[in-house]
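Input: a single structure, listed below in structure tokens.
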Amino acid sequence: MRSTLAAFGRSLAQGFWLGWQIESNWARPWLFALYTLIKPLAGTLLLVFMFAAAAHATGVEQPGLLAFAFVGNALYMLVGAVSQGMTTAIVQDRESYGMLRYVRVSPVVFEGWLIGRGLASGLKAAIGAVWTLAFGLLLPFGLAELLSPTRIDWVALVLALALGVPLLVGLGLVLAAAALNMARHGAFLGEGVGSALYLLSGAIFPLAILPGALQGVATFLPPTLWLETLRRAILHRPGPGPLEAWPAGTLWLALAAASAALLALGWWLFRVSDRRARRGGRYDLTTGF
Amino acid sequence: MNRVALFVRAAFARAYPRIVGLIREPTWMIQETVLPILAVAAYALVYRTLHAPDELVAFVILGGAMTAFWLNVLWAMGAQFFWERDSGLLEIYVLAPAPLMAILAGMALGGIFMTLVRAVAILAVGLFVFGVRLEPSSWLALFGVFALTLLALYGLGMIFASAFLMWGREAWHVVNLLQEPVYLLSGLNYPVRTLGTVLATIAAALPLTVGVDALRQLLFGEAAVGLMPVGWEVALLAVAAVLFLALAAWSLATLERRARAEGRLSTRNQ
């Protein structure tokens, strides 16, 4: 058991190292740093200007909702990054670098290696998210007060981030399982599911605006629960929407259960997909489109 | 075969797989239509949550449709030679008797067709789900400005494509970097004036900013809070289109020569 865990840890570290090299060594460190900071910041500032345009048109500023969207958007980058990192690793290593088959036949724990690749993308996104939240302290519209570090429940934040890791990895494994048996466009699966979850997890708007049935589904999605937990830790109050009335204990319990379930589902699906891919000769597939 | 005929035939030959590919691989259609709608819908719902006027929701829809073209310019024009080099096709293009400019023109034609599908899907959702009303002051002027915007955008894409002949993996990251910051500066989801005078003036250098602003003014009149009169924007777009296409032809020739000399046309995975 211990040696299995050690092998998993080594594989994860190797995958992480390789993933980080691919993410970062294409440019000089200063250029990479600039790239890592500008992109997420621009994406979140877009929302700030939308709120400014709406405030100008309606004459009403809504700092509470802006903080809700600002934090949600900054943290949502992590959801997309880990799963996108894992699906891209499958397709890119298989079709572009032609090395997936060699990784699969090597003695690494394949799942560990793949999770490492996803976590490398996640780290880059986390840097962007932290930077974006810090930049929020410089912005007007009441954001500086609402995002103040003194208001943050740091213990809850760390705990929520820790609970999010198995959730993000589980989601990544589900998508990687699908990409393993898909053609080249499987790389877009992460992006596609990321877009769907961006809408359904209420990352930038309260879920109450969604139609009834969709709202019901969206409320129980693991990323929705995770974002709400993180928002409560940072903004120190529940976000508006159907989860507003949930007591903290219920939310934590639901998040823990959802993370565990998603990880178990992802792990199982990936095993099934791996068997299918080996039988179908998909590890050295080059689809060319 | 004379040079014009060769150019036209090569352009159509390159456009063909893009158009046919969309039909032969139906999953592309899902990727091209359903996925972009989701992100656009999220932004539209932000305005709905804020009880913003319908015009702002309409801006998001129009911005979403035009984003599709910008993404196509970046990924399917700018970065395309990077992918072609990775799949070993770039050498064949360079060896072929057709000019690279014709190959790029074909990519643009095929790309516009692919992207029209995406843009129409976004507009349809805007019309039927979000109740956006499009009542342009002149359909002719609207299509004219739209065509001019595409000409300038795809000219810019050709410049990117030539630059990326020299680049390796960094091309992918640069293309990535040209997404969100350009969305921000172009004011795709809000009037460009919201950015303030300094940023809005800088943003006017982007054909996407000027094109979207002109389209908005033609569609929504005063409510568009335009950056400058439509006539000026048309003139800017026309100058940009001519300038970008001329620059693209020059940079393509120059950088192709340099890429040949430095052996960069066949390097992969770098």
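Annotations for the structure displayed:
- Unit charges on C-beta of K, R, D, E only; dipole of segment A:2-284, Debye: 1000 debye
- Mean separation of Cα contacts under 8 Å, 6 or more apart, over the residue count of segment A:2-284: relative contact order %: 26 percent
- If you wrap the Cα atoms of segment A:106-201 in a convex hull and average its projected area over all directions, you get 8.5 nm².
- The relative contact order of segment B:141-221, computed from alpha carbon pairs under 8 Å that lie at least 6 residues apart in sequence, is 41 percent.
- For A:Leu161 and A:His56, a Förster radius of 41 Å and the Cβ-Cβ distance give a FRET efficiency of 0.70, rounded to the nearest 0.05.
- Equivalent ellipsoid of segment B:89-189: semi-axes from √(5λ) of the C-alpha gyration tensor, largest first, are 31, 18, 13 Å.
- Top of B:Ser251, B:Ser137, B:Ser162 by mean-square fluctuation, Gaussian network on chain B, Cα under 10 Å: B:Ser137
- Projection of the Cα convex hull of segment A:179-289, averaged over all directions and equal to a quarter of that hull's surface, yields 8.6 nm².
- Fewest neighbouring Cβ atoms within 10 Å first, the residues B:Leu208, A:Leu265 line up as A:Leu265, B:Leu208.
- Computed from the C-beta positions of B:Arg24 and A:Asn181 and an R0 of 25 Å, the FRET efficiency is 0.80 to the nearest 0.05.
- Neighbours of A:Val71, meaning other residues whose beta-carbon lies under 14 angstrom from its beta-carbon, give a summed charge of +1 when Lys and Arg score +1 and Asp and Glu score -1.
- Span-rule helices in chain B, defined as complete DSSP H runs reaching 20 Å or more along the axis (Cα) with Kyte mean at least 0.5: B:3-24, B:26-49, B:54-71, B:100-128, B:139-164, B:230-261
- Taking B:Met158, B:Met101, B:Met66 in turn, the Gaussian network model of chain B (Cα-Cα springs below 10 Å) assigns the largest fluctuation to B:Met101.
- Whole-Hz Karplus values for segment A:123-137 come out as 5, 4, 5, 5, 4, x, 5, 4, 4, 4, 5, 5, 5, x, 5 Hz, taken residue by residue from phi with 6.51 cos²θ - 1.76 cosθ + 1.60 and θ = phi - 60°; glycine and proline positions read x.
- Each residue, A:Ile127 and A:Ala213, gets one label point 7 Å from its Cα in the Cβ direction; the gap between the two is 4.5 nm.
- Charge dipole magnitude, Cβ of K and R +1, D and E -1 - the protein assembly as shown, Cα centre, debye nearest 20: 1660 debye
- Exposure proxy ranking for B:Arg258, B:Arg216, A:Arg117, based on other Cβ atoms within 10 angstrom of each Cβ and starting from the fewest, stands as B:Arg258, B:Arg216, A:Arg117.
- FRET efficiency estimate (nearest 0.05) - Cβ-Cβ, B:Arg169 to B:Ala253, R0 30 angstrom: 0.75
- Computed 3J(HN,Hα) for segment A:220-234, one whole-Hz value per residue from the Karplus formula 6.51 cos²θ - 1.76 cosθ + 1.60 where θ = phi - 60°, is 9, 6, x, x, 4, 5, 5, 4, 5, 5, 5, 4, 4, 5, 7, glycine and proline marked x.
- Segment A:188-230: chymotrypsin sites (Phe, Trp or Tyr not before Pro) in DSSP loop, at most 12 other beta carbons within 10 Å: A:Phe220
- Relative contact order of segment A:23-111, defined on C-alpha pairs under 8 angstrom at six or more residues apart (%): 16 percent
- Order of B:Glu233, A:Glu95, A:Glu244 under a 10 Å beta carbon neighbour criterion, fewest first: A:Glu244, A:Glu95, B:Glu233
- Whole-angstrom Cα spans of the protein assembly as shown along principal axes, big to small: 74, 62, 42
- Over every Cα atom in segment A:2-284, the radius of gyration and the widest Cα-Cα span, Dmax, amount to 19.5, 63 Å.
- Rh (Kirkwood; distinct C-alpha pairs) - segment B:163-215, Å: 12.0 Å
- Computed Kirkwood radius, in angstrom, where 1/r is averaged over Cα pairs of chain B: 19.4 Å
- In chain A, the calculated helix contribution to ellipticity at 222 nm averages -25500 deg cm²/dmol per residue, counting -39,500 (n - 2.57) for every DSSP H run with n ≥ 4.
- Diffusion constant of segment B:33-72 at 37 °C, which comes from Stokes-Einstein with the Kirkwood Cα-pair radius and 0.692 mPa s, µm²/s: 319 µm²/s
- Cα-centre dipole for segment B:131-270 with unit charges at Cβ (Lys and Arg positive, Asp and Glu negative), debye to 20: 480 debye
- ³J(HN,Hα) computed for each position of segment B:80-89 - Karplus, 6.51 cos²θ - 1.76 cosθ + 1.60, integer Hz, glycine/proline x: 4, 5, 5, 5, 4, 5, 5, 8, x, 8
- Taking A:Gly80, A:Gly266, A:Gly43 as the candidate residues, the one with maximal mean-square fluctuation in a Gaussian network model of chain A, Cα springs under 10 Å, is A:Gly43.
Laboratory data are not the source of any read-out in this text; all were calculated from the coordinates shown. What you are looking at is a predicted structure, and each value in this text was computed from that prediction instead of being measured. Glycine gets a Cβ as well: all are built from the backbone with ideal geometry, and neighbour counts include every protein chain shown.
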